[in-house]
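Below: one structure, written as structure tokens.
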Amino acid sequence: MIRLDKYLCDCLGISRKEAKELVKTGSVRIGGSVCKNEGFKLNEETDTVTVKGNECRYQRYRYYMLNKPAGVITATVDPVDKTVMELVDIVNKKDFFPVGRLDKDTVGLLIITNDGELAHKLLSPKYHVDKTYLVEAESELTDADISKLENGVDIGDDKVTMPASVQRVESKKIRLTIREGRYHQVKRMLEAVGNKVIYLKRLSFGAVWLDDKLEEGEFRELTSEETESLKGN
Ligand code: URA
């Protein structure tokens, strides 16, 4: 059961104030009858709600992709730096958070959601989500370096990194897909082969790929297909 005003916010991505206004003006019907009580408790699974004649589809959770720019930190609040949450204009923002983290100087795909359970699952070390990065290194990467990155390297933790896949783009550029999310993992992997990352961009997270129409700093909601693929469906 859920309050009508909260239900409308979740369905329509509107503010509580806007939801109250819709109810007050008689635009909302539950099971065909006008309801002017914003606190009315309804069953989000079974009740049919219409707003100005259009049926609502209840959506408790929302999922966004942000093309993170450099210089912004992956956190919900920070006393000094600008955070990724300051770049997204979404209703009920306090319920949202980034899934995992990208370093301040890393750019690219970051998922932002209010679905804690899914985020927890995706970040769990047991649940290996593929993440593809475009990596630009300071010096040339030899075929031997690439084999080492693919087979696993010692980055100073108890275990070497899991097998990764690497595609060469240019002599100093690769696409690297890893299945773990250790702290500074890509930078430490490049250090393990005597090199250094000078540019890092995340291109994918699980089955979701960064939309190349998004400029750095822009975001959009995931499509239902992307959301389903993120959930592994
Ligand atoms: N690996 C890194 O080293 N940094 C990131 O931001 C992401 C992966």
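Go through 144-153, 42-51, 107-116 and give me the packing order, highest mean Cβ count within 10 Å leading.
On the way: 144-153: 16.4, 42-51: 14.3, 107-116: 21.2.
Most protected by this proxy first, the peptides run 107-116, 144-153, 42-51.
Given the convex hull of the Cα atoms of region 2-56, what is a quarter of its surface area in nm²? Present the calculation step by step, with values, prior to reporting the outcome.
Working: hull surface 12.1 nm².
Averaged projected area of region 2-56's Cα convex hull equals 3.0 nm².
For the chain, which cysteines have no second Cys with its Cβ under 4.7 Å from theirs?
Lacking a cysteine Cβ partner under 4.7 Å: CYS9, CYS35.
Using helices alone, what [θ] at 222 nm do you get for the chain, with -39,500 (n - 2.57) per DSSP H run of 4 or more residues, divided over all residues and rounded to the nearest 500?
Details: 6 runs with 50 residues, N = 233.
Dividing the helical sum by the residues of the chain leaves -6000 deg cm²/dmol.
Give a residue-ordered list of calculated ³J(HN,Hα) values for region 82-98 (Karplus: 6.51 cos²θ - 1.76 cosθ + 1.60, θ = phi - 60°; whole Hz; x for Gly, Pro).
6, 10, 4, 5, 6, 8, 10, 9, 10, 6, 6, 4, 4, 8, 9, 7, x
Given points 7 Å out from each Cα along the Cα-Cβ axis, report the LYS213 to GLU140 separation in nanometres with one decimal.
Output for this residue pair reads 4.1 nm.
Taking a 27 Å limit on the Cα-Cα distance, which of the listed pairs LYS68/LYS94; LYS41/LYS93; LYS6/LYS131; LYS159/LYS201; LYS36/LYS231; LYS24/LYS82 fall beyond it?
On the way: LYS68/LYS94 19 Å; LYS41/LYS93 23 Å; LYS6/LYS131 35 Å; LYS159/LYS201 25 Å; LYS36/LYS231 36 Å; LYS24/LYS82 38 Å.
Correct reply: LYS6/LYS131; LYS36/LYS231; LYS24/LYS82.
Using only Cα atoms, locate the centre of region 45-100 and the centre of region 175-215, then give the distance between them in Å, rounded to an integer.
So the separation of the two Cα centres works out to 24 Å.
Using a 10 angstrom cutoff on alpha carbons, build the Gaussian network for the chain and name the most mobile of ILE90, ILE30, ILE73.
ILE30
Could you work out how far apart the two model spin labels at LYS24 and THR223 are, taking each label as a point 7 Å from the Cα in the direction of the beta carbon, and quote it in nm?
Output for this residue pair reads 3.9 nm.
Tell me the Kirkwood radius of region 63-231: reciprocal of the mean inverse pair distance over distinct alpha-carbon atoms, in Å.
Values: mean 1/r = 0.0605 Å⁻¹.
Its Kirkwood hydrodynamic radius stands at 16.5 Å.
If you put +1 on each Lys and Arg Cβ and -1 on each Asp and Glu Cβ, how big is the dipole of the chain around its Cα centre, in Debye rounded to 20?
That gives a dipole near 720 debye.
May I ask which residue of GLY108, LEU4, GLY32 lies farthest towards the positive end of the charge dipole of region 1-116, with charges of +1 (Lys, Arg) and -1 (Asp, Glu) on Cβ and the Cα centre as origin?
Of the listed residues, the answer is GLY32.
What shape does region 132-182 take by its C-alpha gyration tensor, where a ≥ b ≥ c are the square roots of the eigenvalues and a/c under 1.5 counts as rounded, a/b above b/c as prolate, and the rest as oblate? Numbers along the way, then the final one.
Working: a/c = 1.96, a/b = 1.61, b/c = 1.22.
Verdict is prolate for region 132-182.
Give me the compactness ratio for region 6-110, meaning the Cα radius of gyration over 2.2 N^0.38 Å.
On the way: Rg = 17.8 Å, N = 105, 2.2 N^0.38 = 12.9 Å.
Cα-based Rg divided by the globular estimate yields 1.38.
Could you list the GluC sites (Glu not before Pro) in region 202-233 that lie in coil according to DSSP, counting only those with at most 16 other Cβ atoms within 10 Å of their Cβ?
Numbers: sites: GLU215, GLU216, GLU218, GLU221, GLU225, GLU226, GLU228; in loops: GLU215, GLU216, GLU218.
The qualifying sites are GLU215, GLU216, GLU218.
Give the ranking of MET1, MET65 by solvent-accessible surface, highest area first, calculated with a 1.4 Å probe. All intermediate terms of the calculation are to be shown ahead of the outcome.
On the way: MET1 145, MET65 0 Å².
From most exposed to least exposed: MET1, MET65.
For the chain, with a Gaussian network of springs between Cα atoms less than 10 Å apart, report the residue from PRO163, PRO69, PRO79 with the top mean-square fluctuation.
The residue that fluctuates most here is PRO79.
The values are calculated or read from the model by the stated rules, or taken from the named source; none is laboratory data. Since the model is a prediction, treat every value here as computed from it, not as a measurement. Note that each Cβ is placed from the backbone with ideal geometry, even for glycine, and that neighbours are counted across all protein chains shown. The protein model used for the area step is the full one, side chains on, heavy atoms only, and it has no ligands, DNA or RNA in it. Shrake-Rupley method; radii C 1.70, N 1.55, O 1.52, S 1.80 Å.
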